[in-house]
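Have a look at the structure below, then the notes.
Bear in mind that the values in this text are calculations on the coordinates, not laboratory data. Everything numeric here is computed off the predicted structure, so don't read it as measured data. Don't worry about glycine lacking a Cβ; one is built from the backbone with ideal geometry, like all the others, and counts go over all protein chains shown.
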Amino acid sequence: MQKYNALSIAIASAMALCGVTATTAAAQDPMLTGPLWLLDEIVYNNDTMTVPDDPEDYSIQFFDDGSLGVRADCNVGNGIYDVDSSEFITLQAFTLAACGPDSLDDEFRQGLSDAVNYFFLEDDLYMDLPVDTGTMKFIADEGFEVEPEPEVEPEPEVEPEPEVEEVEPPEESEPIPGLW
């Protein structure tokens, strides 16, 4: 696990030498919105690491309007993000299904809520956890493409039904004797 601590120190040192913070550098990077980001690993500074069995079960997507969508194992939800705020990600509505004993659902959602900034390294997205407790690493889903919204065909105009002229019923006649 020492290599991860060394990597974190190297990244922080390089950024300090360049005179930029992670949030400032990342705010200029257009890659945050668009891709579906899959959780690759969470590395904690106490030399522990969490790696999901299936990264597709733990994903986040950022949208241009400041909203985001999250999949956390068997739960899905949404939220908002603000790259200039100390509360980088705010999760909002979420399903609360019980995903199973090996699920990283709670740990993943807590990490997203706690994230204080983000940066990119070799096309991967990293989110730092507070007080230098760790870093979440995400990889872009290469097979994911945002499908454009289908164009909606305008509904054809319905021609009004022609007016029907009311016809008066014939006057009642006397029944013919013997038929009734």
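Here are the numbers for this structure:
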{"quantity": "Surrounding net charge for residue 74, when Lys and Arg each add one and Asp and Glu each subtract one, Cβ distance under 11 Å", "calculated": "-2"}
{"quantity": "Global geometry of the stretch 46-147, whether rounded, prolate or oblate, following the gyration tensor of its Cα atoms and the 1.5 cut on a/c", "calculated": "rounded"}
